[in-house]
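These notes are about the structure you will find just below.
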Amino acid sequence: MPRRTWGWKMFTGSRTKKGKAMREITYREAVHEAILEEMRRDSRVILMGEDVGPFGGLTGVTIGLIDEFGADRVLETPISECGFVGAAVGAALKGMRPILELGLADVILVAMDQIVNTAAKMNYFYNGRASVPLVCRVWSGFRPSGGPQQSQSNEAMFAHVPGLKVVMPSTPYDVKGLLKASIRDDNPVIFFEPKGVYSLEGPVPDEDYVVELGIAEVKREGRDVTVIALGAMVPLALAAADKLAQDISVEVVDPRTIRPLDVATLVKSVKKTGRAVIVHEANTTGGVGGEIAAVLADDAFASLRAPIKRIGAMETPIPVSPALGSAVVPGESNIVDTVRALIQDTSPS
Amino acid sequence: MSLSPEDLVEMYRKLLLIRCFEEVAFRLAQEGKFANYHGGLGQEAIPVGVCHGLASSDMTMITHRGLGVLIARGVTVKAVMAGLYAKAPSPTLGRTPIYHMAEPSLGILAGTSMVGSGIPLATGAALATKLTRRNDVTISFFGDGAVNRGDFHEGLNLAAVWNLPIVFFCENNFYAKSMPLAKSTAGGSILARAYGYGIPGRLVDGNDVVAVLKATQEAVLRARGGEGPTLIECETYRWTPHSTAGDREFARTAEELAEWKARCPVKRLQKRLLEKGHATREQLKKLDQGIKAEVQEAVAFAETAPYAAADVGLENVYR
Amino acid sequence: MSVMTYSEALNEAHRMAMRDDERVFVIGQDIGQYGGIYRVTEGLLAEFGKARVLDTPISEAAVTGASVGAALLGCRPILEIGFVDFVGTCWDQIVNQAAKYRYVSGGRASVPMVIRTACGAGLNYGVHHSQSLEAWFAHTPGLKVVMPATPADAKGLLLSAVEDDDPVVFFEHKLLYAMKEEVPEGKALVPLGKAKVRRRGKDVTIVAWSRAVHWALSAAEAVAAEDIDCEVIDLRTLVPFDETAVVDAVQRTGRLIVCHEACLTGGFGGEIIARIMERAFDWLDAPPVRVAAPDIPVPSSPPLEAIYLRPQTTLTDAIRTVVVSERH
């Protein structure tokens, strides 16, 4: 698989027990490995989606899977999202564990009824006797030239639905661990793979591991301000933190799971720093940033020394021209500017 | 498979049970005892005929009008009535409408309220059967209103392309809520759509319980034998409005209703039983009385049962 | 002024809009001969005929898409989706098509349609007939979101929505249809994007919309006896959001409660709290609070549905707590 490092390398300083540097793979490769390993581990895991067979899937992560597992476990579907999402729910209730490749996050909306009214609620109907161990994978967010119907990051809609879990990993380590955990989870998980981090390289252990859902990670420690970043905004937040490091100590927290949100970790960080900036790719109004700000207002209000700031895409669809697109979605400079202004404007305690 | 007199009497008993249940439930709903009821009065031959042709491991996906299927498959009228009253003994604990209930031991899949959205779910159940090499068959029930939804098209197409063990069963009562079939469905024929998917289609008198049974058996045999899906269109008629929540009738006339009442599925089987000497009037009368008592008992049970405790509403959101 | 119900007010707005502009047509399931589940479109078929009152099959995706297509070519459809719970079946058409056409056409095309839909619990209708999903729509640039709480606003806002050249999603709470009040006669438009102060007060601001406005007013009455003076703001429009009205109120009272029927997590209340935390942080004398449904599907039986509708009974306690809370 071609490797492209798009701007950023992630070093967390992880080493194996023997002291050797951990191998580095891309986010894309990490997704592939997670699917492969879980399909080997559990014969109930099946893969469904358009072009997931020999073509290898929209993002190339299913290459080779049909050769290893056969057409009974790698099911290529027609363009029939309502149909195959519904079918996956029905199959899940009968004991299968489907991983669905839904393609662009924009497209998952076609199957919204099946996800929200059936997948999310079936455990409730079955009184817990059967559930829907389904993972819906989507390729989300901005990349240049994607345009309005290929660039959406609609996690907030799913985060509002009881019964669903929503995950958005930002690193190769996180995506492999979280995808494995999601596949092993007995609930429907909407799994966002942001385009902006797809080619990122990072250390990933050889051995089997999971990253539990519902646990945020402090990606960088700091004292003066907490930047809570989702998905493709995480590397931007880390780059911004680097830039500001001379005079401002920035803590970067990655929720990793959007629903259930690890409120405790977010609150702990904001209680420490007293300032919060939330950044996500989705447009600000109605985005996940609102929920995060509200829970911080609930639990960390007394510690706040300044207003909570949100940075999201502008209130427009995402334009197709690369220049306009980059102007609409948040960038590293937005984060730098917002943090600087926040530090300067801090209200007296 | 030939039908014994015992089979016919048993089918009659079920017809009568569902008939009585539907009459009582409709009346109770009109009296405001529970919210919105989608009655299946007049359509009893379908749940009875279909379910008589199934093994207990075969699966059914119903619609909001499918309580007859629940009863035909062995859910007690007490449980279904408690379900209508949304009381604690309801299989759904009063959390969701009774037509959402699931009972794996009876092959009952949980349904959805969205018209047509259950079709892909049923396709999925059949997919699981095929992938795990079991030999059960799935019956996907839906009404004429569903056949213009995208989910109908996608569900049938998928099942046909993957050659799944499923029977798509359309209860065509000629009206969605107020929309007549003639105005909503291009091509005029639901059955004809089967040909578009390369699967066989059958048109059946939905008020002839034996005809329904025979068509079901044929389709189930095909499915179990690995020959894939069938679309069965059963013509029938509901004697009550779409639902009790403020329903007005416009398109349907008294004459049309009378015509269909004359084709009452219960009366038709009764006639056959008496003519062939499979049962006497006395026996049928006794059966009727017993059933009325059973349903009344179910009402009393449901009325006096408690509601589930409030905390129950918070449970089972996640596994 | 004449006294009429919320659904009658909507009916009147339809008639006025359709008489004034022949491009306006009504489309949806059971809206013609049947007059609509909630009788909002009663009599329209008789007055305007089949070409302008279109009964459809159960084909939400196609019907919504067709309405968008017609709107792009100059028509002004009013589409009825009987229950907002059903919107998943045509969600792609709304978000990917209706909301985006003005933008992608560089402003040369627009989608002047109104999508009317009923939301809300309280009738024991259960999981798929009781949800409140306005947060999804509010998150979609290109859509406007309106949620009138009274008959007069229902009429005035629907008239404005029809005249708006952008797609407006118009939410009607099922339990409000029978609400009666005096409604101005004639074409009494209510502008989109303007909140209304329903009750002036000095101790705490309660921001609400749709049915929750009435819960807020009841709660305000209940605590008035305890010398707590609540201000109740009826947002009326969620998008565009009348930020000025809310900020202004918070500056005056220093305390904020947002009350909505939809589930807490991811509800529009988060957006309002976030805005206030950004724009009015220094005026807050206490942490702002949300009062909303628990994160569960809507249960059916009366006592279970009541826990979903907990804002109705817990709002007074929230008020009592907020008025004595402090910043630190």
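The values are calculated or read from the model by the stated rules, or taken from the named source; none is laboratory data. Keep in mind that this is a model prediction, so the values were computed, not measured. Positions of Cβ are generated from backbone atoms using ideal geometry, with glycine treated the same way; all protein chains shown enter the neighbour counts. Accessible surface areas use protein heavy atoms only, side chains included; no ligands, DNA or RNA. Shrake-Rupley method; radii C 1.70, N 1.55, O 1.52, S 1.80 Å.
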remark   = Reported set for segment A:250-274 where residues are more than 16 Å from the chain's Cα centre (by Cα) and open to solvent by less than 20 Å² (accessible area, probe 1.4 Å) is A:Val250, A:Glu251, A:Leu266, A:Val267, A:Ser269, A:Val270, A:Thr273, A:Gly274
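Matching residues to (1) in contact (Cβ under 8 Å) with a residue 12 or more places away in the chain; (2) touching a strand residue (DSSP E or B) at 6+ places or on another chain (Cβ under 6 Å); (3) buried (at least 23 other Cβ atoms within 10 Å of the Cβ); (4) facing chain A (nearest Cβ under 7 Å):
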{"position": "C:Pro77", "(1), (2), (3), (4)": "yes, yes, yes, no"}
{"position": "C:Gln93", "(1), (2), (3), (4)": "yes, no, yes, no"}
{"position": "C:Arg102", "(1), (2), (3), (4)": "yes, no, no, no"}
{"position": "C:Thr117", "(1), (2), (3), (4)": "yes, yes, no, no"}
{"position": "C:Gly122", "(1), (2), (3), (4)": "yes, no, no, no"}
{"position": "C:His129", "(1), (2), (3), (4)": "yes, no, yes, no"}
{"position": "C:Val145", "(1), (2), (3), (4)": "yes, yes, yes, no"}
query = Since A:Val329 meets every condition but one in (1) open to solvent by 10 Å² or more (accessible area, probe 1.4 Å); (2) in contact with a Leu (Cβ under 8 Å, 6 or more places away or on another chain), which condition does it not meet?
reply = (2)
Criterion: closer than 27 Å to C:Asn124 by Cβ, open to solvent by less than 10 Å² (accessible area, probe 1.4 Å), within 8 Å of chain A (Cβ to nearest Cβ) and at pLDDT below 95 - qualifying residue of B:Ala128, B:Ala110 = B:Ala110
request  = Return the only residue of A:Ala293, A:Ala282, A:Ala297 being farther than 27 Å from A:Val197 by Cα and facing chain C (nearest Cβ under 9 Å).
outcome  = A:Ala297
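The rows are residues; the columns are (1) modelled with pLDDT under 95; (2) open to solvent by less than 40 Å² (accessible area, probe 1.4 Å); (3) under 13 Å from the mean Cα position of the chain (by Cα).
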{"position": "B:Glu10", "(1), (2), (3)": "no, no, no"}
{"position": "B:Phe26", "(1), (2), (3)": "no, yes, no"}
{"position": "B:Gln43", "(1), (2), (3)": "no, yes, yes"}
{"position": "B:Val80", "(1), (2), (3)": "no, yes, no"}
{"position": "B:Thr96", "(1), (2), (3)": "yes, yes, no"}
{"position": "B:Tyr99", "(1), (2), (3)": "yes, yes, yes"}
{"position": "B:Pro104", "(1), (2), (3)": "yes, no, no"}
task = Return yes when C:Gly69 is under 25 Å from the mean Cα position of the chain (by Cα), surrounded by fewer than 22 Cβ atoms within 10 Å (Cβ to Cβ), in the same structural domain as C:Pro167 (by TED's automatic domain parsing) and more than 19 Å from B:Gly145 (Cβ to Cβ) and no when it is not.
result = yes
ask   = Within the set of pairs 6 or more residues apart or between chains, which connect a residue that is polar (S, T, N, Q) inside segment A:271-282 to a residue that is assigned to a strand (DSSP E or B) and open to solvent by less than 10 Å² (accessible area, probe 1.4 Å) with Cβ atoms less than 9 Å apart?
value = A:Thr273/A:Val225; A:Thr273/A:Thr226; A:Thr273/A:Val250; A:Thr273/A:Glu251
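Against the condition outside any loop (DSSP other than H, G, I, E, B) and within 11 Å of chain A (Cβ to nearest Cβ), how does C:Gly270 come out, does it pass?
Judged against the criteria, C:Gly270 is a match.
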query = Limited to segment A:114-141, what total is found for residues that are under 14 Å from A:Ala88 (Cβ atoms) and within 8 Å of chain C (Cβ to nearest Cβ)?
reply = 3
task = May I ask you to list the residues in segment A:86-113 that are assigned to a helix (DSSP H, G or I) and either at the interface with chain B (Cβ under 7 Å from one of its Cβ atoms) or open to solvent by 10 Å² or more (accessible area, probe 1.4 Å) (or both)?
result = A:Gly86, A:Ala87, A:Ala88, A:Val89, A:Gly90, A:Ala91, A:Leu93, A:Val107, A:Val110, A:Asp113
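Inside segment B:2-21, can you point out the residues that are in a helix (DSSP H, G or I), in contact (Cβ under 8 Å) with a residue 60 or more places away in the chain and not β-branched (Val, Ile, Thr)?
So in segment B:2-21, the residues in a helix (DSSP H, G or I) come out as B:5-21.
Filter again for in contact (Cβ under 8 Å) with a residue 60 or more places away in the chain, leaving B:5, B:8-9, B:11-13, B:15-17, B:19-21.
Answer for segment B:2-21, where residues must be in a helix (DSSP H, G or I), in contact (Cβ under 8 Å) with a residue 60 or more places away in the chain and not β-branched (Val, Ile, Thr): B:Pro5, B:Leu8, B:Met11, B:Tyr12, B:Arg13, B:Leu15, B:Leu16, B:Leu17, B:Arg19, B:Cys20, B:Phe21.
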inquiry  = Take A:Asp247 and tell me if it is open to solvent by 10 Å² or more (accessible area, probe 1.4 Å) and within 24 Å of C:Pro287 (Cβ to Cβ).
reply    = no
